[in-house]
Each structure stands twice: as C-alpha cells, then as structure tokens.
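The values are calculated or read from the model by the stated rules, or taken from the named source; none is laboratory data. Since we're looking at a predicted model, the values are computed, not measured. We place every Cβ from the backbone using ideal geometry, glycine too, and count neighbours over all the protein chains shown.
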C-alpha cells in the first residue's frame with residue numbers, strides 16, 4: 001500500500017537526518033532538529049493510518065499532540081508538572097504560548113513508537129499502559145539532556161536531578177511518567193471503543209515503529225557516548241539505555257526468535273514416526 005511505503009521512506013529519512021545531527025552546529029543544527037521531529041512524527045502518523053486507519057491515527061495525534069502541548073504550556077507557565085524551565089524561542093520555529101509548535105510532534109513520535117512496542121509485547125492493557133509510561137521516560141532521558149546541552153531549553157528548578165544530570169530536576173521525569181501514563185490510558189480507551197481498525201495487509205509494516213524505537217534506544221546511546229561532546233551526555237547514554245531496555249530487550253529477543261528458521265525433523269525421525277500421528281488417528285476413530 002502507498003501509505004505503508006511512504007511511512008518506510010519517512011522512517012529512513014528520519015534516521016539519515018539524525019545521523020547528520022552531530023555533524024552540524026548553530027542554525028544548521030536547529031534546522032536538523034526541526035527536520036528530525038517533523039519526519040519522525042510524520043513517519044509514525046502515516047504508519048498509524050496505514051495500519052490502523054485514518055480515524056485511529058487522527059485520534060492518536062489528538063491525544064498525544066493535544067495533551068503534550070497542554071502539558072508543555074502548563075509547564076512553562078506554572079512549572080507543573082515538570083518543573084521550572086523555559087524554551088529558547090524561535091530556534092525551533094514558531095511558538096504557541098511560549099512553547100515551540102513542533103514540541104507536540106515530538107510527543108506524538110515518542111509515544112507512538114513506545115506504545116506500539118508495548119502493545120506488541122504485552123497483551124495485558126494495564127501492564128502495557130505502565131510500560132508505555134516507563135518507555136517514554138527512557139526516551140526523555142535521551143532527549144532532555146541532549147536538547148539542554150544544545151541550549152534549546154533551560155531548567156531553573158532548584159530541585160535535584162540524577163547523578164551527572166543534576167541540572168535537570170527529577171520532577172521532569174515524574175511529569176513525563178504522569179503525562180505519558182494519561183496518554184496511554186486514553187489510547188487504550190480509543191482502541192477499546194472501536195476506532196482501532198487493523199488493516200489486513202499491515203503485518204509487514206510493523207518494522208517501521210520497531211526500527212525507530214530500536215534506533216532511538218541504541219543509536220542515541222552511541223551518539224551520546226561517542227559523537228556528542230557534552231560530558232553530561234555520557235550519563236544520559238547510560239540512563240536512557242537502561243530504562244528503554246525495559247522494552248528494548250524483550251523486543252529484541254522476540255524479534256530474534258521470530259527470525260529463526262523453522263527446524264524440520266530429520267529423515268530418520270520421520271521414518272521412525274507413526275503416520276499419521278497418534279492424535280490424528282485417534283480423531284479418525
């Protein structure tokens with residue numbers, strides 16, 4: 001299907017654009033940052049429309065983008081729920097109530113990849129809601145230190161942070177957990193009431209969110225450790241890797257098992273076996 005191919009092309013463009021990030025600085029890096037967010041969100045939304053239908057994709061964007069924007073506006077205005085911070089306005093383009101307009105797209109991109117992996121791995125709705133919130137925190141453990149190091153926003157909260165990332169208060173991660181938890185609950189509610197409509201020919205498209213999730217998990221750890229200069233990013237590489245591994249390791253193991261070839265019985269085993277099998281013969285009797 002055309003939408004599926006478009007989502008694959010957008011995902012590839014996202015990865016290639018992210019690879020260029022460490023090679024840029026100044027205004028060029030700001031342009032790359034905006035491009036990555038737009039491409040990432042577009043890949044996710046087009047994939048959602050191709051796999052689950054346009055209505056589900058629209059509902060998902062309304063939940064993640066709408067709540068994400070509302071939470072960010074509340075954050076810069078009242079310091080709740082993340083803590084006290086402010087954006088360096090216009091570096092990331094036009095803003096809405098002192099929040100760059102692309103920020104809600106970042107919420108959409110991050111939550112879609114994390115929720116899709118959680119939904120694939122976990123049949124229990126309460127558990128995958130919790131896993132989505134944890135995965136989103138892991139995502140932000142990469143995102144926030146990288147953007148703060150680049151000066152996109154600045155924290156002014158007096159509350160302490162994680163070792164090595166003391167300038168980012170722990171309330172930021174609690175806020176991310178709470179907001180992502182609310183989003184995950186609403187996504188499950190929307191799916192429960194019939195907006196979710198999985199397309200019949202969509203199984204092959206699962207690689208798009210899985211690849212984007214894995215790229216963020218492993219690629220960000222590598223970039224923060226090797227390719228980006230800010231020393232605090234060595235800590236975010238560790239924190240982000242460990243927390244996203246809650247979903248990343250089970251996903252990797254599951255995909256590895258599914259990629260393994262089917263082992264056929266040996267010729268000797270076939271010759272020595274009764275045919276048809278006893279269970280089949282019993283059914284005939």
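Numbers at a glance
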| quantity | calculated |
| --- | --- |
| All positions within segment 81-99 that are within 20 Å of residue 173 (Cα to Cα) and free of Cβ contacts under 8 Å to residues at least 40 places away in the same chain | 99 |
| Test: residue in segment 127-150 that is part of a strand (DSSP E or B), buried (at least 19 other Cβ atoms within 10 Å of the Cβ) and either modelled with pLDDT of 95 or more or in contact with a strand residue (DSSP E or B) (Cβ under 8 Å, 6 or more places away or on another chain) (or both) | no |
| Residue in segment 53-65 that is over 16 Å from the mean Cα position of the chain (by Cα), crowded, with 24+ Cβ neighbours inside 10 Å and part of a helix (DSSP H, G or I) present | no |
| Enumeration of residues in segment 109-126 that are over 20 Å from residue 38 (Cα atoms) and part of a helix (DSSP H, G or I) | 117, 118, 119, 120, 121, 125, 126 |
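So that you can scan it fast, the table gives a plain yes or no per residue for (1) buried (at least 20 other Cβ atoms within 10 Å of the Cβ); (2) in contact with a helix residue (DSSP H, G or I) (Cβ under 7 Å, 6 or more places away or on another chain); (3) over 17 Å from residue 116 (Cβ atoms):
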| residue | (1), (2), (3) |
| --- | --- |
| 16 | no, no, yes |
| 31 | no, no, yes |
| 48 | yes, yes, no |
| 82 | yes, yes, yes |
| 94 | no, no, yes |
